[in-house]
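What follows is a single structure, written as structure tokens, with notes after it.
Just so it is clear, none of the values below were taken in a lab; they were calculated from the coordinates. Here the structure is a predicted model, which means the values were calculated and not measured. Note that each Cβ is placed from the backbone with ideal geometry, even for glycine, and that neighbours are counted across all protein chains shown.
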Amino acid sequence: MKSRQVDVPKATPRGLFDLTDACVRFLREEAPNEDGLLNVFAPHATAGIVIMELASGSDEDLFAALDELLPRDDRWRHRHGSRGHGADHLLPLFAAPSQTIPVVGGRLGLGTWQSIALLDPNPDHEARQVRLSFVAG
């Protein structure tokens, strides 16, 4: 297995942070022309990995849906951090901390409009990390 930690600086307090280019670079350097699986893992209790179309309104729609399902108010028993932070701890119910993507010939097996992104609704952190791991097939 080949593995690397990638730092993800956050341009906004809450958001979707595109990891696709970092994944492509990792595969180009560590697994050129290989077949296998890429695992993308976020070692955080309040962030997840998603595969979806980014931009074109999808980002805003995702956060509107999350904020409706998990309101950022004081109803949560988990209360440290910013207001509504308890909702962030329920994120893994909707966005798992990892995703596995097929790799064929050293290239991600994503669909035309799919991207890999870190979903981080938690405004209390300025940066995050993800672990990229490639297992040859």
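Using a simple charge model, +1 on the beta-carbon of Lys and Arg, -1 on the beta-carbon of Asp and Glu, nothing else, what dipole does segment 35-137 show about its Cα centre, in debye to the nearest 20? Walk me through the numbers before you get to the answer.
Details: 8 positive and 13 negative charges, 83 e Å.
Result for segment 35-137 is approximately 400 debye, rounded to the nearest 20.
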Point to revise | the chain: relative contact order in percent, alpha carbon pairs under 8 Å with at least 6 residues between | key: 52
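Could you put 103, 6 in order, starting from the residue whose Cβ has the fewest other Cβ atoms within 10 Å? Don't jump to the answer; show the numbers that get you there.
Numbers: 103 21, 6 16.
If I rank by nearby Cβ atoms, fewest first, I get 6, 103.
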Check your understanding: If you find the alpha carbon centre of segment 38-56 and of segment 82-132, how far apart are they in angstrom?
Key -> 1
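Which residues make up the longest stretch of the chain clear of trypsin sites (Lys or Arg not before Pro) that lie in a DSSP loop with no more than 13 other Cβ atoms within 10 Å, not counting the sites?
The longest such stretch corresponds to 1-74.
Using a Förster distance of 25 angstrom, determine the FRET efficiency expected from the C-beta separation of residue 114 and residue 45, and round it to 0.05. Mind dumping the intermediate values first?
On the way: r = 26 Å, r/R0 = 1.02.
So, using R0 = 25 Å, E works out to roughly 0.45.
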Check your understanding: What does the helix-only formula give at 222 nm for the chain: each DSSP H stretch with n ≥ 4 adding -39500 (n - 2.57), the total divided by the residues, and the result rounded to the nearest 500 deg cm²/dmol?
Key -> -5500 deg cm²/dmol
Revision key, fill the gap. The helix 20-30 Cα axis meets the longest alpha-carbon principal axis of the chain at an angle in degrees, between 0 and 90 and rounded to 10, of 30
Revision key, fill the gap. Relative to the chain, whose Cα atoms define the longest principal axis, helix 58-69 and its Cα axis are tilted in degrees, nearest 10, by 40
Exercise for review: Would you kindly calculate the translational diffusion coefficient of the chain, applying Stokes-Einstein with the Kirkwood radius from alpha carbon pairs, for 4 °C and a viscosity of 1.567 mPa s, and quote it in µm² s⁻¹ without decimals?
Suggested key: 83
